Structures are given as C-alpha cells and as structure tokens.
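Below is one structure, written out as structure tokens; comments come after it.
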Amino acid sequence: MPDPFADALGEAQFAETDWDESGSTQQHDPGRGLEAVIEPEQTVMLGEEGTTYLPGGEAVADALKLGRRRAAGRWGRLLERLLGRRDQFPPEERMAAVFALVVGAGAAIGVPANLALKMDTELVILCAVYAPLGFGLYAALRLRRLPSRFIPAAMFLLTASFITHYWLRFDGASGGAPISAFVFAVLPAVVARGWRRLAVLGGFGLLGAVLFALELAWPAAIRHTYLNVAQRKADIAATWLLCFVILGVIVLVLSRAYADLVEQVEQARERTEFLLNNVMPAPVVARLRRGERNIADSIDSVTVIFADLAGFTQAASSRRPGQVLALLNQLFSEFDAICQRHGVERIKTIGDAYMAAAGVPTPRPDHAPAAARAALEMMAFARRNPGLMLGGGLRMGLHSGPVVGGVVGIARFAYDLWGDAVNLASRMESHGVVGKVQVSRDTAELLGGAFELEARGEIEVKGRGPITTYFVLRER
C-alpha cells in the first residue's frame with residue numbers, strides 16, 4: 001500500500017534526512033538551497049519565510065544569512081594574500097603582519113641600498129640582521145605559530161632592540177632613530193590589549209627616557225657614523241619613508257576592518273529585522289523599534305482561528321523527526337501564504353496546532369469574513385493533500401470577540417493573544433469535526449449572509465456549558 005506520508009514528503013522537495021549518533025539532523029532543500037543542522041534541543045519555527053532555528057543549538061538556518069561580502073578589489077586581494085583573510089585573522093594579527101613584513105622587506109632592501117650609498121658597514125650589518133628577524137616574525141604570524149598574547153611582546157623586543165642600536169650607533173637624536181621610535185612604539189601598543197598595552201607604552205616611554213638621558217649625560221656613548229650631512233639626510237629620509245609605508249598599510253588595514261565592522265552591524269540589523277518580522281506582526285516590530293517595551297493593546301473584536309491535525313501525535317511517533325519537520329514545514333508554509341493573502345496574522349504554532357487571527361494588531365471591520373475565507377482555503381488545501389494529514393485530517397475552529405494582544409518575554413519575546421475569545425476558539429477546534437470549519441454563534445452572526453452555513457446545534461463545552469455552533473461550507 002503506498003505511503004501517503006512519503007508522497008507528501010516528496011512534494012515538500014526535501015531530500016533524505018540523516019540523523020547522526022548525537023541526534024542532530026542534516027536537511028537539504030534543493031528548491032531553496034537550504035542547508036542547516038537541527039539540534040534536538042532547538043526551538044523550531046516553521047513558515048513560508050524559511051525555516052528558522054532559534055538559539056538552543058549552534059545552528060542558524062542559511063535563510064538568515066542576509067547580504068554577501070563585497071568583492072575585494074585588486075589591492076584587497078593582494079592584502080589578503082599577504083596578511084591573511086579578514087574572516088580568519090583579526091585586525092591585530094594583520095597589523096602585526098604588516099609591521100613584520102615591512103620591517104623585513106625594508107631591512108632586506110636596506111642592505112644593497114646602503115652598500116650602493118657607501119654607508120657605514122655597521123648599518124649594512126644591522127639591516128642584514130633585522131631582515132630575517134622581520135620575515136621570521138611574519139612567518140610565525142601567518143602560520144599561527146605565535147600565540148596572540150605573545151605578539152605585542154615579540155614586536156616590542158624587535159623594535160626596542162632596533163631603536164636602541166640605531167640610536168646609539170647612528171647619531172642618536174640627530175639621526176633617524178627618533179622617527180622610527182614614534183611609529184614603532186605605536187604599533188605594538190595598538191596590537192596589545194588590556195594591561196599589555198600599558199606595559200608596551202610604559203616600556204617604550206622608559207626606553208626613550210633612558211636613551212635621551214644617556215645622550216645628554218654621556219655624549220661619547222653616541223657614535224656619529226655619518227660621513228657628512230647628505231648621508232644623515234638620506235638615512236633620515238629612508239627611515240621616514242619606511243615609517244610612512246608602515247603607517248599607510250596600517251591605516252588601510254584599519255579602514256577595511258572598520259568597513260567590515262559596519263557591514264557586520266548592518267547584517268546583524270537586517271538579521272534582527274528578519275527574525276522580528278517572522279515572529280511578530282510588522283506594526284508591532286515598528287513599535288519595538290521606536291523603543292516601546294510594554295506593548296499590550298485591547299482590541300474590541302477579532303476572529304481567532306485554530307487548526308489542528310487529528311491523530312498527528314500518534315502517527316508522528318512512528319516517523320523520523322526530520323520527516324515530521326518536513327511535513328509541518330510544507331503545511332505551515334502554505335498556511336502562512338494563505339494568511340498573507342487574506343490579511344490574517346499568524347500568531348504561533350504549538351506542535352501540530354496552528355493559531356492565527358484576523359483584526360490584529362490593526363483592527364479591521366471585516367475580520368470575520370477574512371478569517372472564514374482563510375480557514376476555507378486552508379481546509380481546501382488539506383483536502384487536496386491528504387498525505388500531509390498523516391492519515392487523519394484537519395480540524396478547525398473560529399470564534400470572534402475581544403482580546404488583549406501584546407509582547408511577552410525577555411530573551412525570546414513574541415506577540416501573543418489572551419482572552420476568552422482565544423479560549424473559545426480553541427474549544428471550537430477541539431470539539432469540531434475533521435474536515436469541517438466550526439464557528440461559534442458570534443462568528444456566524446458577523447458572517448451574515450455572505451457565507452453558507454450549516455447549523456450543527458448545541459455542543460457541550462467544558463466550563464462553558466452548551467454552545468450553539470455552525471459549520472462554514474462556502475462563500476456565497
């Protein structure tokens with residue numbers, strides 16, 4: 001005998017759902033490209049806008065991933081090759097890589113440049129020593145061999161030793177050492193965090209004070225290497241150019257990091273908007289955006305809809321959870337679309353039960369006809385797709401009356417309705433008949449002659465006594 005559930009599952013266009021030993025499932029929706037991991041402890045919200053997985057596991061449906069990263073330009077791609085991808089390396093490590101790479105490259109270029117300019121041999125040796133040190137630090141950063149907490153210390157030791165040697169051996173405060181000292185002191189401090197930043201700044205401040213004091217108290221400690229003023233100016237110019245390049249690249253890295261931050265904030269805002277618009281009505285979302293927190297409105301007359309799958313719990317117990325989820329997703333997505341077409345607001349789903357209302361949060365005089373049209377279309381969809389009913393059927397109930405609508409909760413707030421009208425609408429469904437839309441007398445009176453009704457008579461409702469009900473057959 002063919003399995004109607006399997007047929008319905010095929011219509012939902014969900015591929016086979018595999019459950020691993022931990023209880024997680026991987027789902028693929030070839031129609032939408034949805035791929036998400038569903039954790040057993042997650043709260044699952046189903047609907048037309050896409051399946052949403054609220055926190056409870058680590059997964060978030062790909063449907064929530066709004067926007068794409070901007071395509072990097074030619075220079076951006078070059079920077080990512082040299083400094084690492086922005087989504088893998090934080091700005092601090094990228095700035096440290098800039099510093100190490102420029103120090104290594106500058107020192108390497110300095111060896112032939114100083115030889116060509118016939119500079120002092122000691123300066124050539126200094127460049128030959130610091131070139132491998134700079135490239136070594138760069139390699140350690142790119143290969144993630146240096147823990148992030150040690151990066152400021154490594155930068156400080158490299159720059160402090162360079163500045164000290166440069167200061168003492170090449171004209172002290174009259175040479176290029178003070179220029180490089182200011183730049184080299186800033187970079188480790190920017191990369192460092194917390195108390196390490198204060199330690200780096202304090203270390204450079206102490207080093208500068210010692211070098212200045214040493215030059216003033218013992219001038220003979222300073223070696224005057226330059227043969228003439230032209231050599232000194234050339235060295236100072238080269239040092240200034242090196243520092244300018246370092247600062248320029250650092251500014252570029254920081255500006256791109258800031259742009260990434262702005263983009264992430266915008267994506268987070270869009271994601272928040274997406275979530276809010278999927279869990280509560282748009283007018284309520286607008287009020288929340290304006291800063292309202294205690295949202296509770298009394299609405300004089302609305303029509304509440306309840307729909308439930310008869311025998312669903314027992315039938316679903318023999319099915320795999322992923323299959324049940326696929327079925328509910330297709331069913332409730334169609335219900336969402338029907339509600340949108342008729343101006344009815346979905347309130348929530350409770351297991352296999354679906355609750356909606358017409359006339360909330362914005363009152364409308366024709367709430368009862370709108371709710372009846374939506375209910376009849378839902379029932380027609382259920383009749384056309386018996387496989388989605390798991391061999392049972394759809395039972396629906398409507399009641400009209402006053403309610404209170406508002407936002408409840410803090411961590412997972414949602415829009416909900418309270419009042420006797422909600423309770424009685426639920427009773428209309430639970431005391432209803434499979435394949436029928438049952439309404440109370442209050443709703444029937446509001447429908448007037450626009451719909452063909454069938455009198456059912458009185459039914460006994462717990463806590464309410466006998467109530468006259470009707471079945472809505474069709475719109476006239």
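The numbers here are math on the coordinates, done by the rules we state, and not lab data. Since this is a predicted model, take the numbers as computed values, not measurements. Glycine also receives a Cβ, built like all others from the backbone with ideal geometry; neighbour counts cover every protein chain displayed.
Quick notes on this structure:
- Span from the the range 325-389 Cα centroid across to the the range 394-449 one, whole angstrom: 12 Å
- Under the shape rule built on the C-alpha gyration tensor, where the axes satisfy a ≥ b ≥ c, the range 288-327 is oblate, since a/c reaches at least 1.5 while a/b does not exceed b/c.
- For the range 328-476, relative contact order (Cα pairs under 8 Å, six or more residues apart, normalised by length) works out to 18 percent.
- Overall form of the range 373-476: oblate. Here a/c, set by the Cα gyration tensor axes a ≥ b ≥ c, is 1.5 or more, and a/b is not larger than b/c.
- Overall form of the range 255-394 per C-alpha gyration tensor (a/c, 1.5; a/b vs b/c): oblate
- Residue-count net charge about G311 - beta-carbon cut-off 11 Å; Lys, Arg +1, Asp, Glu -1: -1
- Taking the square roots of 5 times each eigenvalue of the Cα gyration tensor of the range 397-440, largest first, gives ellipsoid semi-axes of 26, 12, 7 Å.
- Taking a sphere under 14 Å around the Cβ of G401 and counting the other residues whose Cβ falls inside, with K and R at +1 and D and E at -1, yields a net charge of -1.
- Spacing of the modelled spin labels on R320 and A116, each 7 Å from Cα toward Cβ, amounts to 6.9 nm.
- Here the average projected area of the convex hull drawn through the C-alpha atoms of the range 110-163 stands at 4.0 nm².
- DSSP-assigned coil residues among GluC sites (Glu not before Pro) in the range 283-366, each with at most 15 further Cβ atoms within 10 Å: E292
- Sequence-ordered 3J(HN,Hα) estimates for the range 187-196 from the Karplus curve with 6.51, -1.76 and 1.60 and θ = phi - 60° stand at 4, x, 5, 5, 6, 5, 9, x, 5, 5 Hz, glycine and proline given as x.
- FRET efficiency, 1/(1 + (r/R0)^6) with R0 45 Å, evaluated for Q264 and A209 via beta carbons: 0.65
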